[in-house]
Amino acid sequence: MKLQVFWTGLECACRLLGITTAAVLIGVGTETFLRGRFKSLAFYLLFTGVTISLCEGTYFVAQLLAICFKCQPGSLAHRAKEKAHWLGCFQKFLTYMLLSVACFLHPVLVWHVTIPGSMLIITGLAYFLLSKRKKRKATPEVVPPTRAVHRPFQQRCEHHRLWGH
């Protein structure tokens, strides 16, 4: 039970770190764009921030919809909730790490490296830790056996004898 609380808390922390990282990337990208000297870096930061906010934001929208509406399996809301969990934690770890590389390759100012790059790395490492959570195994559905399969041998022989099979 304690581990379940830990993993739930870590998942919430990862989601909040993701949204915060997206906000920082958008803020730093906007500031860089307004300065006007490094437009390509500004577009990269803005694009990365918007992409991360869309990926992380869909999770929060799906959670809000799950609280407000009870969705049936197979419905559009249920599919939206499943899409919110599209990327696994390890894939997010790799994505955040790869996105942080550009921040360190083009160090215009120190805060371009330390703030967005470090936040991408911290968020990526948090998702890596979350990827170590064991998956829950689905319990297999037990199908009740049919009568024909488990009839006693004598009843089957009598059936064949009576009907001439």
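List of remarks:
- In the set Gly57, Gly29, Gly49, only one residue is modelled with pLDDT of 85 or more and within 19 Å of the chain's Cα centre (by Cα); that residue is Gly49.
- Test: residue in the range 27-40 that is over 19 Å from Phe128 (Cβ atoms), among the aliphatic types (A, V, I, L, M) and part of a helix (DSSP H, G or I): yes
- Applying the criterion of being at pLDDT below 90 and among the β-branched types (Val, Ile, Thr) to the residues of the range 1-24, the residue that is surrounded by the most Cβ atoms within 10 Å (Cβ to Cβ) is Thr8.
- Subset of the range 25-41 [within 14 Å of Ser53 (Cβ to Cβ) and surrounded by 18 or more Cβ atoms within 10 Å (Cβ to Cβ)]: Leu25, Ile26, Val28, Gly29
- Pairs are defined by a Cβ separation below 6 Å, a sequence spacing of at least 6 or placement on different chains, a first member in the range 105-127 that is on the phi < 0 side of the Ramachandran plot and surrounded by 15 or more Cβ atoms within 10 Å (Cβ to Cβ), and a second member that is modelled with pLDDT under 75 and of a type outside the set (S, T, N, Q); the pairs so defined are Val113/Pro107.
- Whenever a residue of the range 10-36 is touching a residue at least 60 places away in the same chain (Cβ under 8 Å) and at negative phi, its partners that are part of a helix (DSSP H, G or I) and among the charged types (D, E, K, R), lying with C-beta atoms within less than 6 angstrom and at least six residues away or across chains, give the pairs Gly18/Glu56.
- The range 78-101, subset at pLDDT 80 or above, aliphatic (A, V, I, L, M) and surrounded by 14 or more Cβ atoms within 10 Å (Cβ to Cβ), residue farthest from Ser40 (Cα to Cα): Leu94
The values are calculated or read from the model by the stated rules, or taken from the named source; none is laboratory data. What you are looking at is a predicted structure, and each value in this text was computed from that prediction instead of being measured. Positions of Cβ are generated from backbone atoms using ideal geometry, with glycine treated the same way; all protein chains shown enter the neighbour counts.
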